[in-house]
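A quick write-up on the structure given underneath.
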Amino acid sequence: MRIFDPHIHMTSRTTDDYEAMHAAGVRAVVEPAFWLGQPRTSPASFLDYFDSLLGWEPFRAAQYGIAHHCTLALNPKEANDPRCVPVLDELPRYLVKDQVVAVGEIGYDSMTPAEDIALATQLQLAADHALPALVHTPHRDKLAGLRRTLDVVRESALPPERVLIDHLNEPTVKEAKTSGCWLGFSVYPDTKMDEKRMVAILRAHGPERVLVNSAADWGRSDPLKTRRVGDLMLAEGFTEDDADRVLWRNPVEFYGLSGRLNLDVTVTEATHEGNSVLRGGG
Amino acid sequence: MTSSPTPEDGTRPAHTPPDELHASLDSRLAPAARTWLAEALDTAATCSGPHEPYPAWEVRLAEAGRRCGSAHADAVRVLILRAARADMAALTRVYHHGTADERRAVLHALPHLVAGPEAVPLVEDALRTNDTRLLTAAVGPYAARCLSAHTWRHAVLKCLFTAVPVDSVADLARRARGDTELARMLGDYATERAAAGRPVPEDLYRVLALTEPEPASEPEPASEPASEPARHPVADLPGKESRCASSTPTSI
Ligand SMILES: [Zn+2]
C-alpha cells in the first residue's frame, strides 16, 4: 500500500517515526507550516521555520525514502499577534520555491477580524503564485467556521477546485463537498476523526476528492493513522484501488495542481552508521 | 522514476567550466526547459540597476528545479548566477534566502565567480549544517583554494563523521600532503572509534595515507617516482582490519 500523508508536521516527529512510516508504506508527505505550541514573537522565527521546511526536514525525510514538500503561511492563531503579521510581507519570496506545493495552513481559529484579513490576503497570494491552498477548519464552532471559510473562498480569486478544506467531520462534510473544494480528514487517536468513522464517511460520501491525513504533530497523535484507515477500508470491503485513490492518487492530484510535486526520492540507507541524522549533533 | 542527482552529478558544476556546462545541458534538457533556460539566462544577463524587491533572475533561480528537472537544477542555477554576474552581496542574499538546493548551487558557483576568500563565510555556514548535500558541495574547489588549514581539516573530519565520501573533497591529495595535524586528528578519531568497538571508516585510512609527506601512491600519476612509504601512524592504528561494511555514500 503506497501512502501520501497530505498533512503531517514532521518537524515535531522523530526518526523512529520516519522509519515506521516508511515501513507502513508512506512514500510522500506534505508538511504545512503551523503553530509550534509555543507562540512566536517575531517574523524571524517564522523565517527560520520556513527555511527548515525547505532544507533540513526534506533532507531528514529523504534519508528514510520519503519525499517531503511543504505548504507555507502565517497560521490563523498567530495572525492575531501584530508582532507576527509582518511575516506576510516575506511570504512572496518563499512561495516561489520548488518544494512549496500550496499556501497553508490558513483558515480560522477564533474567527477574528485579524484572521479574516490573513485568510483573504493569503488566498490572494495563492492565486498570485499559481498555488492551491490548504485551509483548515477551526476546532471550536466548526460548522459556523466552515461556512465563514467557504464565504471567504467564494469571494477569493482562487476557484474551489484549488482549495483543500481540512479537519472535516460528520457535521461539516456535506456542505464542504457541495462547495466543490477538496475534502481533508485528520485521523487522530482521540480528537478529530477516528478510522471507523472515516471509513463510514467514505462509504456515505464516496472517495472522490477525499484526502486522509494523520495531522501528526507535537500533540497526542499517530503518524501511522493513514495506514490504519487503509487497512480498515480493505477490511470493510473497499477495493485496493479505492484505498490507493484516497491515500495516494487524490493527494498527488491536489498538490500536483502546483506543478511542483517531485516524488522522486533516492531511498538511502537509514540505518547507515555514518548517517548524519543518526549522528545528531556530530 | 528517474533517480535523484548522484553525488557526482551534484559536484560536477563546481568542476566544469560554465560554457561546457551550458553545452552539455543544452544537449540533455527537454525543448521546453531549454527555451526556459535561454530566457532565464537572458533575464539574468540584462537585469541591471535597482530592483524591487529583488532582481527577476532570483525568481528564475528559485524555480529552476521544476522548470528543468531536479537532476539538472544545480547546473542551471550555476549558469544563472554566472549570467547575472552575481557579486558577493547577491551571492550572500540568494544563499541565505535559498532552499538547501539553492544554497548548494551557490556553493557550486563560488569557484567560477569569486576570486578571493570573501565567500568563505558561506562555506563555513554550509559546513556547520548536518545536511550531506550541503557538506558535499561545501568541500569543492573553492574550499580547496580558500579555506584556512584549521577549517579545512575540520571539514575533512566532518565528511568522515557524516559519511560524505572524501572523493568529494576537491584537491584532497595536495592539501593533505604532509599535514601532520590532520594525521593526528584522523589517528585520534580512529582510536576513539576503535575504543567504542565501532568500525573505522575506510575513507579515514585513505586520507591518512595522503597525509604522508611524500606523494602517496593512490592519487598520483604513474610518472611520479615511487618512493618507499615512510613510517606512518596508519600502521599503529587499532581496528584497521575492521572496515566499515556499510560505507555506501548517501546519494542525496
Ligand atoms: Zn496541522
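The values are calculated or read from the model by the stated rules, or taken from the named source; none is laboratory data. Keep in mind it's a predicted model, so treat the numbers as computed, not measured. FYI the Cβ positions are ideal-geometry reconstructions off the backbone, even for glycines, and counts take in every protein chain you see.
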**Fill in**
Going through the stretch A:209-258 in order, the residues found to be over 20 Å from A:G104 (Cβ atoms) and in a loop (DSSP other than H, G, I, E, B) are A:R220, A:D222, A:L224, A:E236, A:G237, A:F238, A:T239
**Asked** Within the bounds of the stretch A:30-38, is there any residue that is more than 16 Å from the ligand (Cβ to nearest atom) and in contact with a helix residue (DSSP H, G or I) (Cβ under 8 Å, 6 or more places away or on another chain)?
**Response** no
**Message:** Which residue is surrounded by the fewest Cβ atoms within 10 Å (Cβ to Cβ), if the candidates are limited to the stretch A:44-62 and must be among the small types (G, A, S) and in contact (Cβ under 8 Å) with a residue 12 or more places away in the chain?
**Reply:** A:S52
**Failed item in (1) more than 25 Å from B:R104 (Cα to Cα); (2) at pLDDT 90 or above, with B:A176 passing the rest** = (1)
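Among the listed residues A:G237, A:G230, A:G259, identify the single one that is facing chain B (nearest Cβ under 9 Å) and at pLDDT 95 or above.
Numbers: A:G237 fails: facing chain B (nearest Cβ under 9 Å); A:G230 fails: facing chain B (nearest Cβ under 9 Å).
Exactly one residue qualifies, and that residue is A:G259.
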**Asked** surrounded by fewer than 24 Cβ atoms within 10 Å (Cβ to Cβ), in contact with a strand residue (DSSP E or B) (Cβ under 7 Å, 6 or more places away or on another chain), of a type outside the set (F, W, Y) and under 25 Å from A:E253 (Cβ atoms) - does that describe any residue in the stretch A:31-40?
**Response** no
**Request:** Give the stretch A:174-221 a look and list any residue that's touching an Asp or Glu at 6+ places or on another chain (Cβ under 7 Å), within 16 Å of the ligand (Cβ to nearest atom) and of a type in the set (A, V, I, L, M), or say none.
**Result:** A:V187, A:A216
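Do we have A:D17 as of a type in the set (D, E), touching a strand residue (DSSP E or B) at 6+ places or on another chain (Cβ under 7 Å), in contact (Cβ under 8 Å) with a residue 40 or more places away in the chain and within 16 Å of the ligand (Cβ to nearest atom) here? If you could, list the steps in order and put the result at the bottom.
On the way: of a type in the set (D, E): yes; touching a strand residue (DSSP E or B) at 6+ places or on another chain (Cβ under 7 Å): no; in contact (Cβ under 8 Å) with a residue 40 or more places away in the chain: yes; within 16 Å of the ligand (Cβ to nearest atom): yes.
The answer is no for A:D17.
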**Request:** Among the helices (runs of 4 or more DSSP H) lying completely within the stretch B:45-131, list those that include at least 3 residues that are within 17 Å of A:Y94 (Cβ to Cβ).
**Result:** B:57-68, B:88-97, B:100-113
**Request:** Would you check if A:R220 is on the phi > 0 side of the Ramachandran plot, basic (K, R) and without any contact (Cβ under 8 Å) to a residue 60 or more places away in the chain?
**Result:** no
